[in-house]
Amino acid sequence: MSTLNLSADEFEKVISKAGIVLVDFWAAWCGPCRMFGPIFEAVSEQYPDMVFAKVDTEVEQQLSGSLGISSIPTLMAFKDGVLLFNQAGALPAASLEQLIKALVDVDMDEVRAKIEAEK
């Protein structure tokens, strides 16, 4: 599955889906973003059951601001609608693969219990 370009209107609906959703916040003028983009796209082809999405921070400034995006590229990873990873900086392919494997292994029952306990 190739990457999906997300707008502010679609963002909440897409990240709330069951399963893993990775979102790359980027801009065309950003050198590290241009380096990370092909890596993100290539890895997306290996995981057709996951959602790989991109948000252009220049187009979606309000969304990016509301999420606290201050450096790009920033990668966010959600599983079953819960944010599990949020980090600025371009990842090499091996690190992105490692992150995906870690996300697959996360026990969401434990995560939800921890969230509930922190309320």
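None of the figures in this text is laboratory data; all of them are computed from the coordinates on show. As the structure is a prediction and not an experimental result, all values here were calculated from the model. Glycine gets a Cβ as well: all are built from the backbone with ideal geometry, and neighbour counts include every protein chain shown.
Points worth noting:
- Cα-based helix-to-principal-axis angle, 93-105 vs the chain, degrees rounded to 10: 20 degrees
- Rounded tilt (10° steps) of 31-46 against the dominant C-alpha axis of the chain: 50 degrees
- Of Lys13/Lys79; Lys13/Lys101; Lys54/Lys79, pairs whose Cα-Cα distance is over 19 Å: Lys13/Lys101
- Cα-centred dipole magnitude for the stretch 1-102, charges only on beta-carbon of K, R (+1) and D, E (-1), debye, nearest 20: 240 debye
- Placed amide H near Leu4: partners under 5 Å, 5+ positions off or other chain: Phe52, Ala53, Lys54
- On Cα atoms only, tilt of 108-118 relative to the major axis of the chain in degrees: 80 degrees
- Note that the stretch 48-119, at 20 °C in a medium of 1.002 mPa s, gets a Stokes-Einstein diffusion coefficient of 154 µm²/s from its Kirkwood radius over C-alpha pairs.
- Highest mobility in the GNM of the chain, judged by mean-square fluctuation with C-alpha springs under 10 Å and restricted to Gly68, Gly19, Gly37, is found for Gly68.
- Mean Cα-pair separation over length for the chain, i.e. relative contact order, pairs under 8 Å, 6 or more apart, %: 32 percent
- Mean ellipticity per residue at 222 nm, deg cm²/dmol - from DSSP H runs of n ≥ 4 across the chain, formula -39500 (n - 2.57): -13500 deg cm²/dmol
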